[in-house]
Amino acid sequence: MKPQEPIPHNYSIARLNLIFALSSLLLLGTTGAIVMYDYVRGWKWFQWEFLRLQHERLQQDLRAAKQSQNKEQLAGLDKQVRDQEIVIAQHRAQYVVAQKELDSWEGKHYAADQDYRFAKAKLDAQRYEAESSIVQKRPDAAAQNQEYAKQTAHLAQLLLTLQDVARHRDAAQATVNAWLKRIKDAEDKRKELNATIDLINKQIETVAPTSNFFVLNAPMLDFISPTFKIDQVVLSDLYIDMNYMPVPRVDRCQTCHRAIDRPGFESKKEAARLEKELQGKLDGGQIDPAKREETETRVAQLKRIQDDPNEILNPWRTHPKLDLFVGSASAHPLLEFGCTSCHRGGDRTTEFGRAGHIPANAKVERRWEASLLPFFPGPWDYEKRHWGYEMNEFLETPMFPRQYYEAGCIKCHGDQVQVRQGDEITRATQTMEIVGCYACHKISNWRFSDLRRPGPDLNGIAEKTTPDWAIRWISEPHNFRSTTRMPSFFFQRNMIGPSVPAAERDQNIKLQDAEIHAIVSYLFAKSTHREWQAPGNGDAAHGKQLVETVGCLGCHIDTETIKDEKTGAMRLAKRDDFPLERNYGFNFTGIGTKTHAAWIYNWVKNPKAYYPDAPMPSLRLSDQEAADITAYLLTMQKPQFMKQPVRAADPKAVHDLAKGYLINTMTDRDAEAKLKSMPMEEQLVYLGQRSIEKYGCYSCHNIKGFEGLKPIGTELTTEGSKALHLFDFGFIHEYTHESGKKEHVLHNVPSWVYNKVRSPRVYDDERTKIYNDKLKMPNFHLSEEEARLVTTVVLGLTKEKVEPAKLAGHDPATRTAEEGRKLVSQHNCRACHIVDGYGRAIGSLIADTNFLPPDLSPEGGRAQSAFLFNFLQDPTVMKIRPWLNVRMPTFHFTEDEANRLVAFFAAEGKGKPFDNTLYTSPPPANVAIGKQVFDMLRCAQCHATTPVSPENPPQPNVANAQSLAPNLTLSRVRLRHEWIPDWIRRPGEMIPTTRMPANFPRNAQTGGFQSPLAMAIDTPAFAQYKSTLLPYFNNDEKQLRTTMADAVALTGYLRDYIWSIGITQIRAAAPYEGPTMAVPHPPLPPAMPAMKTGRNRRSNDTQEVRIDDVRVDARARAGLR
Amino acid sequence: MMFALTLVLALGCGKGKEASNNEEEGEDDQAGSTAAASNTAGTAAPAATPAAAPVSADAATIAGTVKFEGAAPKMGALQMAADPYCQSQHPNGADATDEEVIVGPAGELANVIVYIKNAPNGPPVTTPAVIDQKGCKYHPHVQVVQVNQPIEIKNSDATLHNIHAMPTVNSQFNEGQPVQGMTSTKKFDKVEMTPFRIKCDVHGWMKSFMAVLPHPYWGVSQMNGTFTIANLPPGQYTIVAWHEKYGQQEQNITVGAKEQKQVAFTFKG
């Protein structure tokens, strides 16, 4: 035998083995790593942690439930069971007999039942035989039929037996049950008492980890039915832009935020707030008795949360205000709205960083970023709440930081002036309206369309003031009026700030001065010079009194200094120090220095004579009143303002700037020649025109020669969707604000917008730019709060697509109301009135509540539409509250505007828009009864019933506080028929501060109305009334008494009586003969579509501007940027 | 594997909760949404005072006087011409003077409410407090009731009165009383230490003040300027005196067992 030769190989087997082994191990390792990488997810840890928290909370609840269990009741029930068992034992013999009886009858019943069934089956068979024998005509047919009849009879008898046996059996059963009944009752009761505890125990079972749990969630096996899984909600009508295509949102936030829609995991602060609210409702009897226990349990739970030494942290917290957001019964349930539609962020991601969480401030950012391993944050980090965060710069829609949460409201609520329960967002859009952002920056939303220009018309400026004043004003408006809304264009930080080199600073000052002089020259050159009649002599003291009482201070502020709340020292006032409504008109301080008597006199008498779009209404002042007010206002001087030195315009600067514009259309030499031919005055006017174009003054003011131009600012309609890289952050990360505060610029859009709005030229810091390239947005001196609100709105203006069905406030009733609300906001009704439940800025200035302008909350249900329509157009048609000093102004509404307001009030008060009850005739019997009730309740002690002239009632003697009630003869034409009884029954609920007493107080227990006449009708003092009333009730005393106790009937009679004494006609609104408004508001011109590229933030325009004989090509304007 | 490791670590240390301290991320600082609406000073209920003890054997009494320093302002006559009935109740203007400041001949100031600020809660009171509208004036002019004590409001006049109470912490009410002799019963369920106004809208000169306390340790100075607070358990207290025109004054006192403490207040005009 030959020894085996080694087989030759090309490769060394040993080495191959080694390589194979290593590569196998590597493959195994890779597979393991793949599995692990896929399996180990952060969100699983969060879900695990949540299970633990749930367990803990449930244990707490269990302990509390056990404690609150009524131990005595349980013990009593146990005793009951035991006692009955003892009784049974004592009478055991009887019980056993009864039981035996039952058993035997059960047996008999079974047997009888069986017999019956078998017989029935046999009968069916026999029936077949009988019938088939007949059909087949068999010879044994008769016999079969006989058999059939016999069996039928037998079956009937068996049935009787069965029923009899059943009866006996039931009786026996009842006997036994009687013994057992008490035990059964006790057991049922105990089960009921233990229900809560049983429920909690069941819940604990579901969250306690069992061995099943580990198997289901093991790696590789967790595709079957895992307990830890991603939780998502698909929103098919709210879209997110996925690579330029709108796709439905898929929100997976709940995967980590497990308790977001579950009550029981609130923060302590939220728990405190909720407890206070619910406790208040419980105490006030506003909770349905059926739900009372549930509410009390919840309150106890909230107390436990507050007493817990630890606090639940995010992401395991319940969403705050669950009744408004996220809760299933709220206005924004989770399943319909998800999370990202409000908060933005990456919807489909389940990683912390990728989801677009934005830290609220730098401190939070540092904690989030900390992490042991850079790419592998895990439980070792999570426990310290270091999420290993890295900002996801590729996410186009990061979340809104905490202070801008409300930005998410705009995409659905953008068409509403007022968002119910959304005070923040309402205030934010209102701030934007008052500050006037929409004038320069076009926003295509309905909310910011058709609004008036924020600044006054400058076509008549020469009639009002002097160039000296205007120059100083434009240089720095806040030196004249600290609360003004006019922003500062000149001498801002990018012109003369600390980061500008000294030499450049001097040059900039010269250039700015030149521009200011030029603008003023232009305005005064183009101004009209109408003559206005001077007033007679006025009494300034009386004028002061008028200003303070007639209602001027609802829209105007009359002081520049205010006592600081914290330090108690006097300081300059800011816009924020006063309610928004009082910033509508300008601050009176210094008006005497600015203008002259003739101007003021004619303005306060008839503002619209100056320009038809004047926001100020007419207070119907007599000539003497106007003269007195003029005299007073003239005393408000600010001479130190005019003492400020003003530098003259440097001719060289003017020349250079003008040339800079001219050389866009002509050669250098031609430009020089042209300038040489123009005298300085003309140069200034030309430069002024170009400067107004450059700075965009015409966006807020009506200026001759600039009608019909587009607003100058960037269009903001989709600013919130603009990509981060398109914002110019400049070179700064932090800066010192003009107020001295140090601000940081974080590299995200909210921070950019906030700082831009706070200090618009800050992004020019540290940069070198030629003069005309520098940033031009003026400084509005917004406070931090104002800036935050404006930023909120801007961030919310996105191009995210929402299905129309989801948009809020699009039902016809709300649209009507919102149109009216827009008018209310534009005409500043809330300066004097409470509308929609808030407002009345003038309220803090009137000490006696009897002299406040009325609260209009019930107006919709209260006033007849025809009356309201006439009254709004001409308040002199009826003077219903002659004791008031404040006057309802004449706004000169167009019919369309008056209609919109009337429809708004009707929609608001849920009244019918047009009613026809004026001519309802009350039955005479009702009128007579009503008169008696009227006398019994002594209404006449406050309400006069003698006819008066509606337009000119006698001035009441207010020393007698009694005369501060409306005359009832004016009710029929003003109030709605069905509203009057409701008002009489519950005035305090409609208007909490009213003087009208509740004559029919509510019964606290039943909620019904009590009538004082129920008792009174039988007293001797009322005997006369009783005898007068009896005939109307068929002399039935019982019926009379019942009616006297019925508040609804009594108020109906009162209304009928008031109706009978009321007048039925008032004068219609006098037509307005003053300057007619050809166009309701000069509309802001339509915007051209914004360019899609990021290069030009302002839209390209091709409009031509023709000014006198200088034609300017629009392309040249681009060079003016 | 890693997950098991995760579990082990997580089981041991639960970090879903943490001792609540400087939680800047979790702070819900939405402006205004959670602001409490308490808007008067000094009306918040005292923090968890223990349930009151009944009259103890060593209860002390505080007796005192309230004086007025300076020239007493002259009080004008009430103008009742608007209602002939009211005028008829005060022939020749008798007893129809403004009750805002009542100073006795020796400088005694009446109608000053004196109460203990931080005393323990008292047992519930069921005897009603009475406020009577007679001769178009309120009797008494100032009053203190206890929380949930029934208040009987009586109209002894043959004219329409309405009782319009304007508390800031409790709920307001405004009820008409057209029938002579009728009474309405109300109560206040929250502590309100700063006295609030009660007025009649029909007769503007009528006014009265009321405070709601959780205990019975209060007194109102009489015409001779004296007041008494009885059955007070010994301890350290803050005692407050309030007058409708001259505001509020406080003193810290210590009351010993069975002591007859003398306290004096002086208001300057």
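Some values worked out for this structure:
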| item | result |
| --- | --- |
| Which numbered condition A:I34 misses (of (1) surrounded by fewer than 11 Cβ atoms within 10 Å (Cβ to Cβ); (2) over 30 Å from A:F376 (Cα atoms)) | (2) |
| Only one of A:A569, A:A534 that is closer than 22 Å to A:D623 by Cα and open to solvent by 40 Å² or more (accessible area, probe 1.4 Å) | A:A534 |
| B:N121 open to solvent by 10 Å² or more (accessible area, probe 1.4 Å), more than 14 Å from chain A (Cβ to nearest Cβ) and among the polar types (S, T, N, Q) | yes |
| Conditions (1) surrounded by 22 or more Cβ atoms within 10 Å (Cβ to Cβ); (2) in a strand (DSSP E or B); (3) not β-branched (V, I, T): number failed by B:R197 | (1) |
| In segment A:349-398, residue farthest from the other protein chains (Cβ to nearest Cβ) [restricted to those that are open to solvent by 30 Å² or more (accessible area, probe 1.4 Å) and among the aromatic types (F, W, Y)] | A:F394 |
| Close pairs (8 angstrom Cβ cut-off, 6 or more residues apart or separate chains): closer than 23 Å to A:V793 by Cβ in segment A:733-754, loosely packed, with under 12 Cβ neighbours inside 10 Å anywhere | A:E743/A:E734; A:H744/A:A362; A:H744/A:H733; A:H744/A:E734; A:V745/A:H733; A:V745/A:E734; A:L746/A:A362 |
| Residues (small (G, A, S), away from every other protein chain (no Cβ under 14 Å) and part of a helix (DSSP H, G or I)) located in segment A:399-440 | A:A439 |
| Failed item, numbered, when A:W983 is tested on (1) open to solvent by less than 30 Å² (accessible area, probe 1.4 Å); (2) within 14 Å of another protein chain (Cβ to nearest Cβ); (3) within 24 Å of A:V902 (Cα to Cα); (4) in a helix (DSSP H, G or I) | (1) |
| Sole exception among (1) more than 22 Å from A:L334 (Cα to Cα); (2) in contact with a Ser or Thr (Cβ under 8 Å, 6 or more places away or on another chain); (3) within 14 Å of chain B (Cβ to nearest Cβ) for A:E270, by number | (1) |
| Failed condition for A:T206, given (1) more than 14 Å from every other protein chain (Cβ to nearest Cβ); (2) closer than 30 Å to A:G346 by Cα; (3) hydroxyl-bearing (S, T, Y) | (2) |
| Residue selected from segment A:952-968 under the condition part of a loop (DSSP other than H, G, I, E, B) and within 40 Å of the chain's Cα centre (by Cα), by the criterion farthest from A:Y1032 (Cα to Cα) | A:L964 |
| Residue within segment B:112-123 that is farther than 19 Å from B:A241 by Cα and out of contact with any His (no Cβ under 7 Å at 6 or more places or on another chain) present | yes |
| Residue within segment B:176-191 that is within 13 Å of another protein chain (Cβ to nearest Cβ) and at positive phi present | yes |
| Residue within segment A:1050-1063 that is at pLDDT below 90, hydrophobic (A, V, I, L, M, F, W, C), farther than 30 Å from A:G713 by Cα and assigned to a helix (DSSP H, G or I) present | no |
| Failed item in (1) under 30 Å from A:M245 (Cα atoms); (2) open to solvent by 20 Å² or more (accessible area, probe 1.4 Å), with A:G809 passing the rest | (2) |
| Filter result for A:E311 (surrounded by fewer than 15 Cβ atoms within 10 Å (Cβ to Cβ), within 14 Å of chain B (Cβ to nearest Cβ) and either outside any loop (DSSP other than H, G, I, E, B) or out of contact with any Gly (no Cβ under 6 Å at 6 or more places or on another chain) (or both)) | no |
| Residues of segment A:52-75 classified as within 15 Å of A:A186 (Cα to Cα) and open to solvent by less than 40 Å² (accessible area, probe 1.4 Å), total | 1 |
| Test: residue in segment A:189-203 that is at pLDDT below 80, closer than 30 Å to A:G32 by Cα and part of a helix (DSSP H, G or I) | no |
| Residues that are more than 14 Å from chain B (Cβ to nearest Cβ) and either surrounded by fewer than 19 Cβ atoms within 10 Å (Cβ to Cβ) or in contact with a Cys (Cβ under 6 Å, 6 or more places away or on another chain) (or both), drawn from segment A:932-970 | A:T945, A:T946, A:P947, A:V948, A:S949, A:E951, A:N952, A:P954, A:Q955 |
| Matching residues, segment A:287-308, being over 19 Å from A:R262 (Cβ atoms) and either open to solvent by less than 20 Å² (accessible area, probe 1.4 Å) or touching a residue at least 40 places away in the same chain (Cβ under 8 Å) (or both) | none |
| Scope segment A:207-235; condition part of a strand (DSSP E or B) and open to solvent by 80 Å² or more (accessible area, probe 1.4 Å); matching residues | A:V234 |
| Residue count, segment B:162-176 (criterion: open to solvent by 20 Å² or more (accessible area, probe 1.4 Å) and assigned to a loop (DSSP other than H, G, I, E, B)) | 4 |
| Residue ranges of helices (runs of 4 or more DSSP H) in segment A:1-102 with at least 2 members in contact with a Lys or Arg (Cβ under 7 Å, 6 or more places away or on another chain) | A:42-68, A:71-90 |
| Failed condition for A:S1011, given (1) assigned to a helix (DSSP H, G or I); (2) farther than 30 Å from A:Q955 by Cβ; (3) open to solvent by less than 30 Å² (accessible area, probe 1.4 Å) | (1) |
| Scan of segment B:124-169 for residues that are of a type in the set (A, V, I, L, M, F, W, C) and within 14 Å of chain A (Cβ to nearest Cβ), ordered by number | B:C136, B:V147, B:I151, B:I153, B:A158, B:L160, B:I163, B:A165, B:M166, B:V169 |
| Residue ID - surrounded by the fewest Cβ atoms within 10 Å (Cβ to Cβ), chosen from residues in segment B:177-194 that are touching a helix residue (DSSP H, G or I) at 6+ places or on another chain (Cβ under 9 Å) and within 22 Å of A:M1015 (Cα to Cα) | B:G181 |
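A quick yes/no check of all residues on (1) away from chain A (no Cβ under 14 Å); (2) surrounded by 13 or more Cβ atoms within 10 Å (Cβ to Cβ); (3) modelled with pLDDT of 85 or more; (4) more than 30 Å from A:E311 (Cβ to Cβ):
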residue: B:G14; (1), (2), (3), (4): no, yes, no, no
residue: B:D28; (1), (2), (3), (4): no, yes, no, no
residue: B:P54; (1), (2), (3), (4): yes, no, no, yes
residue: B:T61; (1), (2), (3), (4): yes, yes, yes, yes
residue: B:G70; (1), (2), (3), (4): yes, no, yes, yes
residue: B:M75; (1), (2), (3), (4): yes, yes, yes, yes
residue: B:P84; (1), (2), (3), (4): no, no, yes, yes
residue: B:E100; (1), (2), (3), (4): yes, yes, yes, yes
residue: B:K117; (1), (2), (3), (4): yes, yes, yes, yes
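Rundown of residues vs (1) in a loop (DSSP other than H, G, I, E, B); (2) in contact (Cβ under 8 Å) with a residue 24 or more places away in the chain, yes/no style:
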{"position": "A:E565", "(1), (2)": "yes, no"}
{"position": "A:R571", "(1), (2)": "no, no"}
{"position": "A:G585", "(1), (2)": "yes, yes"}
{"position": "A:A598", "(1), (2)": "no, yes"}
{"position": "A:Y601", "(1), (2)": "no, yes"}
{"position": "A:Y611", "(1), (2)": "yes, yes"}
{"position": "A:M616", "(1), (2)": "yes, yes"}
{"position": "A:R620", "(1), (2)": "yes, yes"}
{"position": "A:I629", "(1), (2)": "no, yes"}
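The values are calculated or read from the model by the stated rules, or taken from the named source; none is laboratory data. Just so we're clear, the structure is a prediction, and the values are computed from it rather than from any experiment. Note that each Cβ is placed from the backbone with ideal geometry, even for glycine, and that neighbours are counted across all protein chains shown. Heavy atoms of the whole protein, side chains included, go into the accessibility calculation; ligands, DNA and RNA do not. Shrake-Rupley method; radii C 1.70, N 1.55, O 1.52, S 1.80 Å.
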